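Worksheet: the structure to be examined is printed underneath.
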């Protein structure tokens, strides 16, 4: 159900507004978090184990709340309030990091920041899926991801500029991150509207149990979880880049171009899934991922990093919008909040062991085997999609 007229890229006001919300939220977030480990270690005296504990607790809380908040938004058919509360909670806690005098303060603040993300993510994705037609879902989610990545590029650049011409005091930089957060909240308040689910599509209230889902959606979740077990933190790619001889001064530039690649490919990748089908695009995405990880496994020259990171951005462009659009295709409108919660939860619970496995394999038997493991998991996910998920609606029409 769509509530407003369309303009830019043929997208509704809700979709455009949620994209701008993601942009400004990520600017605020990325002004802080690339600098946070440095702040914790050099200013507050925290060790690497405690820094890892902070991130582990924060992401675990976020994964659980994404499941619950999606169910709540379906149960009461109110999504904007949860989205607004989630973004507000994250926005209000971030500048307080600049006032922290102990690593435990940061742990507490990161906990509430991730609560905010956990509360907002599933209702936001459900509302976005309601704010566009089925044939443009991929493009809509691709636009939201492109704006998110654009914010991830812009935030560190703003922080670097402020440190170059204004102050190197990290506390002041963290406090200034509240400015883009205000833009995020204002756009959300004024530009986003709730969309009530059509009465004909409302069935029984959604339940948080495995048996209630369609078999195809269950297969989808299992395949996503399997792939995620081989999708370790991108920090390992940066470590590999250093192994291949890339200068540490050049790594932030490489990271910028990586985000630029993700931004550039997100809308075309999502739009492609609207035209030829989600399954085909995801099979292509997982194949690209597998080839990139094999590339990292056997690369030997510094310049190869640049090509691999650009192509890795293509994987994100093909997969992120397509996956979320596919969830909406597989689940009826009245249960999409819960479905997105299940989707985010499965990714969240697999992400931690994925990085642990990557580190253990790297240390035990070598870097080539570690990256080959990620490639095999991605190619296995592509094969299972061919075998278990059959052709989707777009493929049948073609």
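Derivation of every value follows stated rules applied to the coordinates shown; laboratory data play no part. Values in this document were obtained by computation on a predicted structure and should not be read as measured data. Ideal geometry is used to build each Cβ from the backbone, glycine not excepted, and the neighbour counts take in all protein chains shown.
From the C-alpha gyration tensor of the stretch 213-398, pull out the three semi-axes of the equivalent ellipsoid (sqrt of 5λ each), sorted largest to smallest, in whole Å.
Numbers: eigenvalues 176, 66, 41 Å².
Three semi-axes, in Å: 30, 18, 14.
Can you tell me which of 227-234, 239-246 comes out highest on packing, and rank the rest after it, using the mean Cβ neighbours within 10 Å? The partial results should precede the final answer.
Details: 227-234: 21.5, 239-246: 16.6.
By packing density, highest mean first, the sequence is 227-234, 239-246.
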Check your understanding: Which length gain, in nm to one decimal place, applies between residue 360 and residue 168 when the Cα-Cα distance is subtracted from 0.36 nm times their residue separation?
Key -> 65.4 nm
Check your understanding: What nm distance separates the two modelled labels at residue 77 and residue 111, each placed 7 Å from Cα along Cα→Cβ?
Key -> 3.7
Point to revise | Most mobile listed residue (88, 257, 298) in the chain, GNM with C-alpha springs under 10 Å | key: 298
Point to revise | Choice from 142, 359, 290 showing the highest fluctuation, given a GNM over the chain with Cα pairs closer than 10 Å | key: 359
Practice item. Taking Kirkwood radius over Cα pairs in Å as the quantity of interest, determine which of [x] 21.6; [y] 24.1; [z] 22.2 was computed from the displayed structure. Key: [x]
Practice item. For residue 160 and residue 216, calculate 0.36 nm times their separation in residues minus their Cα-Cα distance, and state this gained length in nm to one decimal. Key: 15.5 nm
**Study point:** the chain, helix-only ellipticity at 222 nm - DSSP H runs n ≥ 4, -39,500 (n - 2.57), divided by all residues, nearest 500
**Key:** -25500 deg cm²/dmol
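For the peptides 179-185, 19-25, 382-388, what is the packing order when you average, over each peptide's residues, the other Cβ atoms within 10 Å and list the highest mean first?
Numbers: 179-185: 18.9, 19-25: 24.7, 382-388: 15.9.
My ranking of the peptides, most packed first, is 19-25, 179-185, 382-388.
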Point to revise | Potential lengthening between residue 233 and residue 92 on full extension [0.36 nm per residue; Cα-Cα distance subtracted] | key: 48.0 nm
